[in-house]
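S.K.: Can you keep this structure in mind? I'll have questions shortly.
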Amino acid sequence: MESGRPGDLLAQEPFYVGQLKGVGKVYLHAVVDTYGSYAFGFLHTSKQPEAAVAVLHNDVLPFYQEKEIPVSAVLTDNGREFCG
């Protein structure tokens, strides 16, 4: 998929990072702007919808709003973490 400007298409995916002693499983919730490959990341111990949305709500959308760049679409794989 092609994007014509920043914020046109963001791709989001969680990745299993590993297991930390005393913490448990750790996941990276990554969001990448497909126009310029600018990326955001959020480490969390869960793949639940709340963690997937947290990176968008707390980091990604405020970043684009501050720069007055509209976000048109977020592409996911429709995994369980996005269907809550």
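The values are calculated or read from the model by the stated rules, or taken from the named source; none is laboratory data. Computed from a prediction, not measured in an experiment: that's the story for all the values here. Glycine also receives a Cβ, built like all others from the backbone with ideal geometry; neighbour counts cover every protein chain displayed.
S.K.: Mind telling me which of the residues ASP59, ASP33 ends up being touching a Ser or Thr at 6+ places or on another chain (Cβ under 8 Å) and of a type in the set (Asp, Glu)?
M.R.: Step by step, each of ASP59, ASP33 is checked, and only ASP33 is touching a Ser or Thr at 6+ places or on another chain (Cβ under 8 Å) and of a type in the set (Asp, Glu).
S.K.: Return the residues of the stretch 32-73 that are in a helix (DSSP H, G or I), within 13 Å of the chain's Cα centre (by Cα) and polar (S, T, N, Q); say none if nothing qualifies.
M.R.: Listed by number, the list holds a single entry, ASN58.
S.K.: Spot the failing condition for GLN19; the list is (1) at pLDDT below 95; (2) assigned to a strand (DSSP E or B), and only one is missed.
M.R.: (1)
S.K.: I'd like the residue in the stretch 1-16 that is of a type outside the set (Phe, Trp, Tyr) and exposed (fewer than 13 other Cβ atoms within 10 Å of the Cβ) and, out of all such residues, is nearest to ASN78 (Cα to Cα).
M.R.: Among them, the one singled out is MET1.
S.K.: I'm checking my understanding of the structure. Among residues of the stretch 26-68 that are at pLDDT 95 or above and among the small types (Gly, Ala, Ser), which one is surrounded by the most Cβ atoms within 10 Å (Cβ to Cβ)?
M.R.: The residue in question is ALA30.
S.K.: Which numbered condition trips up VAL71, out of (1) more than 11 Å from LEU10 (Cα to Cα); (2) at pLDDT 90 or above; (3) not acidic (Asp, Glu)?
M.R.: Of (1) more than 11 Å from LEU10 (Cα to Cα); (2) at pLDDT 90 or above; (3) not acidic (Asp, Glu), only one is false for VAL71: (1).
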